[in-house]
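Colleague: Attaching a single structure in structure tokens format; questions to follow.
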Amino acid sequence: MALTPPVDVAVIGGGIVGLATARAVQRRSPGARVALLEASAELAREQTGHNSGVIHTGVYYAPGSLKARLCVEGAAAMREFCERRDIPTVRCGKLIVATDERELAGLDELERRGRANGVPELERLDARRLTEREPNVRGVAALWSPEAAVVDFRRVALALAEEIRGDGGRVETGWAVSRVARGGTGAVIETAGGRRLAAAHVIACAGAGSDRLAEASGAPADPRIVPFRGSYLTVLPDRAGLVRSMIYPVPDPALPFLGVHLTPTPDGGLTIGPTALLTPSLRSLRWRGTARMVWRHRRAAIGELRMAASRRALIDEAARYVPSLSPRDVLAGSTYGVRAQALGRDGTLLDDFAFSEDGPVLHVRNAPSPAATSSLAIGELLADRLPAAVGPG
């Protein structure tokens with residue numbers, strides 16, 4: 001099939017990171033021809049549409065990392081964007097709770113990181129002040145991050161798409177890109193169905209398919225994306241006031257997951273979760289790093305399998321810090337979240353955001369949580385990597 005009219009910048013992927021990137025490029029270069037290409041028939045249906053909705057504040061991430069910087073910058077930008085676009089956010093704050101003395105060292109490290117990262121208004125609470133803030137929560141100490149909030153990130157994504165179109169960009173669905181080939185001074189985007197689009201620059205934000213697209217386009221196979229699926233339980237409406245804030249445990253520092261938590265929702269509900277269960281696929285199972293990762297974290301993997309198989313086990317995990325929580329408080333059934341996590345050949349779960357460049361093509365290789373929080377800042381970072389002048393003139 002003949003090439004469609006060429007563009008200056010093509011962004012692959014209609015999740016919130018891709019949309020934020022296309023918007024940043026379009027605003028940086030108003031005369032540029034920018035196209036966003038999404039594989040499915042609708043935008044933001046994968047990770048963005050199956051997201052906890054949390055606007056994180058940057059407590060967890062190693063100082064100096066991209067996650068630390070972009071989460072703090074992105075959270076501020078996200079709050080401003082939602083206010084300007086009249087998208088409701090619930091500023092409920094977050095408590096990270098140490099349930100016993102053994103978790104205090106981990107809480108100390110999170111406090112150090114949060115203060116180094118410039119997390120606003122971070123506060124340490126003792127057991128008495130914790131109970132004063134949340135009467136149904138029990139622990140020996142906690143960190144309080146009042147700027148943490150929840151939002152419907154799919155609604156944010158659709159608002160970004162509106163702004164891209166309003167600024168003259170294209171937002172196209174049904175573009176299942178199979179590879180990006182180098183062509184002349186730019187690149188040619190190809191689909192399995194034979195569609196082709198020439199672009200001077202390409203930014204691939206392909207989420208769960210980012211490794212396949214990168215490898216098909218000539219980039220290294222390492223790291224590989226291994227998808228995780230997390231189940232959430234919904235608390236009964238008349239018990240949704242059990243806590244007012246997000247309630248998180250002190251996480252395992254060896255894993256890039258935050259543990260089972262309670263999260264208020266923008267519509268006034270309350271969820272418990274998620275689990276973090278590796279989604280099996282032939283591609284993931286063939287990757288040498290998968291077996292190494294499972295063996296290295298076998299105790300955590302067994303715990304995740306137990307919670308995935310038993311609602312009671314998941315509720316019991318949350319009841320460690322909310323003891324009054326019981327199975328009677330939870331609706332039947334569950335919702336789920338999606339996480340595309342990069343895994344190295346050596347079995348290491350990549351903790352930071354990761355990008356790779358090949359001439360005119362920039363690949364986003366790892367963008368798990370807090371990517372939604374950080375999306376506007378990630379978009380600006382990726383736009384910065386393009387030449388100063390993009391497009392006509």
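Colleague: For the chain, build the charge dipole from Cβ charges (+1 Lys, Arg; -1 Asp, Glu) around the Cα centre, then report which of Leu19, Leu314, Gly193 sits farthest towards its positive end.
Modeller: About the Cα centre, the residue reaching furthest to the positive side is Gly193.
Colleague: Further question: Rounded to the nearest 10 Å², what accessible area does Leu376 have for a 1.4 Å probe in the complete protein model?
Modeller: 20
Colleague: Semi-axes of region 11-93's equivalent ellipsoid from the Cα gyration tensor, sqrt of 5 times each eigenvalue, largest first, rounded to whole Å?
Modeller: 24, 17, 15
Colleague: Measure of size requested: the Rg and Dmax of region 256-393, with Cα atoms as the atom set and Å as the unit; please supply both.
Modeller: Cα only, region 256-393: 19.3, 65 Å (Rg, Dmax).
Colleague: Next question. Under a point-charge model restricted to the Cβ atoms of Lys and Arg (+1) and Asp and Glu (-1), what is the dipole moment magnitude of region 287-380 relative to its Cα centre, in debye to the nearest 20?
Modeller: 660
Colleague: Turning to a different aspect of this structure: Take the chain, connect every pair of alpha-carbon atoms lying under 10 Å apart with a spring to form a Gaussian network, then pick out the residue of Arg196, Arg85, Arg124 with the largest mean-square fluctuation.
Modeller: Comparing Arg196, Arg85, Arg124 in the GNM, the peak value goes to Arg85.
Colleague: Now for a different question. How big is the Kirkwood radius of region 139-181, worked out from every pair of different alpha carbons and given in Å to one decimal?
Modeller: 14.5
Colleague: Turning to a different aspect of this structure: If each DSSP helix of 4+ residues adds -39,500 (n - 2.57) and the sum is divided by the residues in the chain, what number results at 222 nm, nearest 500 deg cm²/dmol?
Modeller: On the way: 11 runs with 122 residues, N = 393.
Mean residue ellipticity, 222 nm, calculated: -9500 deg cm²/dmol.
Colleague: With every protein chain present, what is the per residue accessible area of region 96-206 (1.4 Å probe, Å²)?
Modeller: Per residue, region 96-206 has 43 Å² of solvent-accessible surface.
Colleague: Roughly how big is region 205-283's charge dipole about its Cα centre, with Cβ charges of +1 (Lys, Arg) and -1 (Asp, Glu), in debye to the nearest 20?
Modeller: In total the dipole reaches around 100 debye.
Colleague: Roughly speaking, to the nearest percent, how much of the chain's 1.4 Å accessible area is carbon and sulfur?
Modeller: C and S fraction of accessible area: 52 percent.
Colleague: Would you mind calculating the relative contact order of the chain from Cα pairs under 8 angstrom and at least 6 residues apart, reporting the percent as a whole number?
Modeller: Rounded, it is 25 percent for the chain.
Colleague: Once you treat every alpha carbon in region 213-335 as an equal point and sum by Debye, what is log10 I(q)/I(0) at q = 0.10, 0.13, 0.16, 0.18 Å⁻¹?
Modeller: Each listed q maps to, in turn, -0.39, -0.60, -0.82, -0.95.
Colleague: Taking the Cα centre of region 196-349 as the origin, how large is its charge dipole in debye, to the nearest 20, when only Lys and Arg (+1) and Asp and Glu (-1) carry charge on their Cβ atoms?
Modeller: 480
The values are calculated or read from the model by the stated rules, or taken from the named source; none is laboratory data. Please read all numbers here as calculations on a predicted model, not as lab measurements. Every residue, glycine as well, gets a Cβ built from its backbone with ideal geometry; the counts of neighbours run over all protein chains shown. Accessible surface areas use protein heavy atoms only, side chains included; no ligands, DNA or RNA. Shrake-Rupley method; radii C 1.70, N 1.55, O 1.52, S 1.80 Å.
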